[in-house]
Amino acid sequence: MVLLKPDAVSRGLCGEVIRRFEQRGLIIAGMKMLKVSPQQAKRHYQEHVGKPFYPDLIDYITSGPVVALAVKGNQAVKVLRTMMGATNPVDALPGTIRGDFATQMENNIIHGSDSLNNATRELDIFFSKEEIYE
Ligand code: IDP
């Protein structure tokens, strides 16, 4: 499950990021633009409740439209996480999405699930079953 975060949308980077996924051979099985509701944001980021950056994280992800993607492919979680680069863009290598397009942790362009279990949980927040295609 990928979210192109509000800064990716406002900076016009969605096409570039999706192009990289498709070029790599990953399959876009679902895609939609939406404004994340506070309820969705709290479910999505439940593991970060209580951390100092949590309020800003919720404010940010609900601040403007995002593009949600259901992506599949061979070892898709691992491949996507590698393509995304380190959470802190300062540490992200050139050639990764964050390494090429971001410098700030709070505006790091993209979310990608870190496990299949989390992908299933997160897909359920943003997609109905009918919105994901074989
Ligand atoms: P990930 O997005 O690489 O999976 P997580 O640890 O799940 O990283 O954190 C979720 C998001 O929360 C990050 O993408 C980043 O935007 C934000 N975040 C994580 N740690 C910090 C921090 O220490 N300060 C500010 N924002 C943070």
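Give me Val71, Val49, Val77 sorted ascending by neighbouring Cβ count inside 10 Å, so fewest comes first.
On the way: Val71 23, Val49 9, Val77 18.
Lowest count first: Val49, Val77, Val71.
Taking Cα pairs under 8 Å and at least six residues apart, what relative contact order does the range 2-127 come out at, in percent?
Working: 181 pairs, mean separation 41.2, N = 126.
In percent, rounded to a whole number, it is 33.
I'd like the distance separating the alpha-carbon centroids of the range 111-133 and the range 10-67, in whole Å.
12 Å
Loop-only trypsin sites (Lys or Arg not before Pro) in the range 18-54, please: DSSP not H, G, I, E or B, and at most 16 other Cβ atoms within 10 Å.
Details: sites: Arg19, Arg20, Arg24, Lys32, Lys35, Lys42, Arg43; in loops: Lys35.
Filter output for the range 18-54: Lys35.
Counting other beta carbons within 10 Å of each residue's own, what order do Tyr133, Tyr54 fall into, fewest first?
Values: Tyr133 11, Tyr54 14.
Going from sparsest to densest Cβ surroundings: Tyr133, Tyr54.
Roughly how many debye, to the nearest 20, is the charge dipole of the range 2-127 about its Cα centre, given +1 on each Lys and Arg Cβ, -1 on each Asp and Glu Cβ, and no other charges? Don't skip to the answer; put the middle values down first.
Values: 15 positive and 12 negative charges, 66 e Å.
Charge dipole of the range 2-127: 320 debye, to the nearest 20.
Rounded to the nearest 0.05, what FRET efficiency do Glu130 and Gln75 give with R0 = 30 Å and r taken as the Cβ-Cβ distance? Could you check?
On the way: r = 26 Å, r/R0 = 0.87.
E between Glu130 and Gln75, to the nearest 0.05, is 0.70.
Laboratory data are not the source of any read-out in this text; all were calculated from the coordinates shown. Everything numeric here is computed off the predicted structure, so don't read it as measured data. When we count neighbours, we look across all protein chains shown, and the Cβ atoms used for this are built from the backbone with ideal geometry, even at glycine.
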